[in-house]
1. Of a type in the set (Lys, Arg) and at pLDDT below 95: does that describe Arg42?
2. What number of residues in region 86-107 are of a type outside the set (S, T, N, Q), within 22 Å of Gln69 (Cβ to Cβ) and either touching a residue at least 12 places away in the same chain (Cβ under 8 Å) or assigned to a helix (DSSP H, G or I) (or both)?
3. Every residue in region 95-112 that is surrounded by 12 or more Cβ atoms within 10 Å (Cβ to Cβ) and in contact with a His (Cβ under 8 Å, 6 or more places away or on another chain), please.
4. Output yes when any residue across region 42-55 is of a type in the set (Lys, Arg), farther than 23 Å from Met130 by Cα and out of contact with any Pro (no Cβ under 8 Å at 6 or more places or on another chain), and no when none is.
5. Looking at region 2-54, which of the residues that are in a loop (DSSP other than H, G, I, E, B) and in contact with a strand residue (DSSP E or B) (Cβ under 7 Å, 6 or more places away or on another chain) is surrounded by the most Cβ atoms within 10 Å (Cβ to Cβ)?
6. Does Ala64 qualify as being part of a helix (DSSP H, G or I) and over 23 Å from Gln133 (Cα atoms)?
Amino acid sequence: MKLTIHFDGGSRGNPGPASAGVVITDTDTGKPLHEAGYFLGRCTNNVAEYQGLVRSLEQAKSLAGTSLQIHSDSELLVRQITGQYRVKSPALKPLYDKANALLDGFDAWAIDHVRRESNQRADELANLAMDHQADVSGDSPPPAAGQTGDAAPKTPCWSAKLSGRNGKCLAGCGTGNEYTFGPTTPDGFCVHAALAVLGDGPLQWPGKKKTGRARCGACGLTINMMRIH
């Protein structure tokens, strides 16, 4: 099946609350097959764009797509995927590799850069996911008049900052010493921080508890945690 993909990603703040929007249609009939917005937690604009591409390709695979025409308004991403630019960012490289691995699973594909106005529906879905701070489908009702992300239901979100041992992960993973996460840990999250966070189960803490500490049993690294909302 030939599929046409439009996707978009962005954050409010860079980094900040981020999301991606994906629209997939049957190329031959123009029939919409998948429309969704994905809330990504806190990340940069470029990470959100790559997450949008990865989510698009995963959905295209589940729809039994064989040939893809992909449209993005991120010139950086398009030029990196087509080999015109190198990927130097440690935060983007794993997503770049994942996207290429997924692309290898299709018979044919092409990607091009389009203007933002040609990517409007994907942008709408991405903004809707940011407003709700949750994944949304194309059939989701828009926020009520005057409703903002602050008024929408929120999933608990935490900031985890590494301390001790100079705040550096012994495994050398991650790109810093502070991470934001929700129900799941984000891409690039320090493995030792993840062990400590999931081991102490902050997501199951009493709802009013705002701060706490977790300690990694593998390396002794201390994780200072603060509930953001």
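1. Numbers: of a type in the set (Lys, Arg): yes; at pLDDT below 95: yes.
Judged against the criteria, Arg42 is a match.
2. Initially, region 86-107 is screened for residues of a type outside the set (S, T, N, Q), giving 86-88, 90-99, 101-107.
Going one step further and asking which of them are within 22 Å of Gln69 (Cβ to Cβ), we end up with 95-96, 98-99, 101-107.
Now drop any that are not either touching a residue at least 12 places away in the same chain (Cβ under 8 Å) or assigned to a helix (DSSP H, G or I) (or both), which leaves 95-96, 98-99, 101-103, 105-107.
The total comes to 10.
3. The one that is surrounded by 12 or more Cβ atoms within 10 Å (Cβ to Cβ) and in contact with a His (Cβ under 8 Å, 6 or more places away or on another chain): Ile111.
4. Restricting attention to region 42-55, the residues satisfying the condition of being of a type in the set (Lys, Arg) are 42, 55.
Among the residues that remain, those that are also farther than 23 Å from Met130 by Cα are: none.
Looking through region 42-55, none of the residues is of a type in the set (Lys, Arg), farther than 23 Å from Met130 by Cα and out of contact with any Pro (no Cβ under 8 Å at 6 or more places or on another chain).
5. Start the filter on region 2-54 by keeping residues that are in a loop (DSSP other than H, G, I, E, B), which leaves 12-15, 27-31, 44.
With the extra rule that they be in contact with a strand residue (DSSP E or B) (Cβ under 7 Å, 6 or more places away or on another chain), the set shrinks to 15, 27-28, 31, 44.
Working: Pro15: 17, Thr27: 16, Asp28: 10, Lys31: 8, Thr44: 19.
The qualifying residue surrounded by the most Cβ atoms within 10 Å (Cβ to Cβ) is Thr44.
6. On the way: part of a helix (DSSP H, G or I): no; over 23 Å from Gln133 (Cα atoms): yes.
No; evaluated as a whole, the condition is false for this residue.
The values are calculated or read from the model by the stated rules, or taken from the named source; none is laboratory data. The structure presented is a predicted model; accordingly, all values stated were derived computationally and were not measured. All Cβ positions, even for glycine, are placed from backbone atoms using ideal geometry, and neighbour counts span all protein chains on display.
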